[in-house]
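S.K.: Before I ask anything, let me first share the structure, which is written out below as structure tokens.
The values are calculated or read from the model by the stated rules, or taken from the named source; none is laboratory data. Quick caveat: nothing in here was measured; it's all calculated off a predicted structure. Here the Cβ positions follow ideal geometry from the backbone for every residue, glycine too, while neighbour counts run over all protein chains shown. SASA here: full protein model, heavy atoms, side chains in, ligands and nucleic acids out. Shrake-Rupley method; radii C 1.70, N 1.55, O 1.52, S 1.80 Å.
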Amino acid sequence: MNSRLTDPYLDSMNLLNELSLLYPGAVSFGSGRPKEELFEVESVVSGIKDYAARHKPALVGSDNLNRLGQYNMTKGIINESISRLLLNDEGITADPEDILLTDGAQEGMAIVIHALFGSPEDVLMISEPSYVGFVGYAKICGIPLCPIGRKEGGMDLDELEEKMLALHNQGKRLRAVYEVPDFHNPTAEYMPLNSRRRLLDLAEKYDFYIVEDNPYGYYLYEGEKIPTLKALDIHRRVIYIGSFSKTIFPSLRLGYLVADLDLSIGSRKVRLSELCKKVKSFLTVNTSALLQAMAGELLEREDFSLKSFVKPKVSSCLHSRNLLLSALDRHLEGRCTVAKPAGGFFMAAECSFEWTRPLLMECVRDYGVIICPMYMFRLNETDRSHGFRLAFSNLDPETIETGAERLGAFIRNRI
Ligand SMILES: Cc1ncc(COP(=O)(O)O)c(C=O)c1O
């Protein structure tokens, strides 16, 4: 058995969903799910036939629609469309050959971890708090982790440099850092442009890679859009992970990787996208062509930009964010500090006491409200934190009001 699987850290991915099932009457600010009413499942699914009719030559197999039921290309069949989407919406230039379609961003993370890490000296640096989906998988694989703090909207870059040099002195090597610069999960921070540039410079100077995970980038509520790390990546240091879970819907389980870097293996250079392809061929063989056809058809229909398609979803989330800010203002009466997020699905807040698992249970059981304490995003649960995360992405106005009222009652009682 893999004894790493007994690490309590790995329970956090499911805990909030399980709490929702155990306490169905509780309001859940727990998990950041998109709103079902806006999924347009019927229209997306019906795109399969149109796609099959128009893409005969590109598909492997004998007849139209049945071709989509066949095994298919390991890297994907809609790579060209993803390349155009990335150029139009993010200003990212990517050769379709360097793109891989994945089973959600989650598979992209697993592929990157397997492709980049192989030696016990190679260390993965993460900020705390960080998204458990990525860190948890790295833990399962036994990748050495180096946590650092967060500062000014992103990883603490002074600490990054300090810890990286310390690793070198121990005969280790910083191989990659993981960051979600756009509306980070769980802090909702939007990494400023100067920090993005400095992180890229550090990667070039000290020869490490950056895994950029960007599922929330379309959800900008105010201010100027800041270019992704990948769009600024002139030295080819960034591996970009995209997802359709928040733009189309999560059950598509569709994401994509841009892996246009050359890695040195001895004196040889190997393209990372080819290594990723090899990993994928042993992980999921290929991403379902049927699911890719749905996304591919939508992308063609939308002229390779999802900006207008996601507009209703973004407006709905913005509305929920504003309602939650106002409800917290009324019900918390200044007892917590709440950071107004410029985008994304989450809001980060701090209260005067430290969250623990028993406190979370009390909040859910006795007050009927589920929040996500920041300690769940730390490697060690005993690293105490006053912080908590509230997801507002799939709640209606009444639920937001009720949840904020219940949270206010819990916090008042605690203090
Ligand atoms: C930062 C981050 N990355 C990736 C994902 C998962 O994406 P996918 O559904 O495409 O696997 C999430 C989902 O919540 C997330 O918050």
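S.K.: Residues that are buried (at least 18 other Cβ atoms within 10 Å of the Cβ) and at positive phi: which helices (runs of 4 or more DSSP H) entirely in region 61-127 hold 1 or more of them?
M.R.: Those helices (runs of 4 or more DSSP H) span 104-116.
S.K.: Report whether or not S273 is part of a helix (DSSP H, G or I), open to solvent by 20 Å² or more (accessible area, probe 1.4 Å) and either within 16 Å of the ligand (Cβ to nearest atom) or in the same structural domain as L220 (by TED's automatic domain parsing) (or both).
M.R.: In short, no.
S.K.: Further question: I need the full set of residues from region 127-146 which are in contact with a strand residue (DSSP E or B) (Cβ under 6 Å, 6 or more places away or on another chain) and touching a residue at least 60 places away in the same chain (Cβ under 8 Å), in order please.
M.R.: So the first thing to find is which residues in region 127-146 are in contact with a strand residue (DSSP E or B) (Cβ under 6 Å, 6 or more places away or on another chain), and the list is 127-128, 134-135, 138, 143-146.
The answer is E128, F134, V135, L145.
S.K.: Return only the number of the condition from (1) more than 30 Å from T6 (Cβ to Cβ); (2) open to solvent by 10 Å² or more (accessible area, probe 1.4 Å); (3) in contact (Cβ under 8 Å) with a residue 60 or more places away in the chain that N322 does not satisfy.
M.R.: The one condition N322 does not meet is (3).
S.K.: Given (1) touching a His at 6+ places or on another chain (Cβ under 9 Å); (2) part of a helix (DSSP H, G or I), where does S130 come up short, assuming only one miss?
M.R.: Failing condition for S130: (2).
Condition check ((1) away from the ligand (no atom under 16 Å from the Cβ); (2) without any contact (Cβ under 8 Å) to a residue 60 or more places away in the chain; (3) open to solvent by less than 30 Å² (accessible area, probe 1.4 Å); (4) over 23 Å from the mean Cα position of the chain (by Cα)) across all residues:
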{"residue": "D207", "(1), (2), (3), (4)": "yes, yes, no, yes"}
{"residue": "Y218", "(1), (2), (3), (4)": "no, no, no, no"}
{"residue": "T247", "(1), (2), (3), (4)": "no, no, yes, no"}
{"residue": "P250", "(1), (2), (3), (4)": "no, no, no, no"}
{"residue": "D260", "(1), (2), (3), (4)": "yes, no, yes, no"}
{"residue": "I265", "(1), (2), (3), (4)": "yes, yes, no, yes"}
{"residue": "N286", "(1), (2), (3), (4)": "yes, no, yes, no"}
{"residue": "M294", "(1), (2), (3), (4)": "no, no, yes, no"}
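S.K.: For region 164-203, which positions are in a helix (DSSP H, G or I) and either within 21 Å of T102 (Cα to Cα) or open to solvent by less than 70 Å² (accessible area, probe 1.4 Å) (or both)?
M.R.: The answer is M164, A166, L167, L193, S195, R196, L199, L200, L202, A203.
S.K.: Condition check: under 26 Å from G118 (Cα atoms), of a type in the set (V, I, T) and within 14 Å of the ligand (Cβ to nearest atom). Does V211 satisfy that?
M.R.: Working: under 26 Å from G118 (Cα atoms): yes; of a type in the set (V, I, T): yes; within 14 Å of the ligand (Cβ to nearest atom): yes.
Yes; evaluated as a whole, the condition is true for this residue.
S.K.: I need a count of the residues in region 21-43 that are among the hydroxyl-bearing types (S, T, Y) and over 16 Å from D396 (Cα atoms).
M.R.: So in region 21-43, the residues among the hydroxyl-bearing types (S, T, Y) come out as 23, 28, 31, 43.
Cutting the leftovers down to over 16 Å from D396 (Cα atoms) gives us 23, 43.
Of the residues in that region, 2 qualify.
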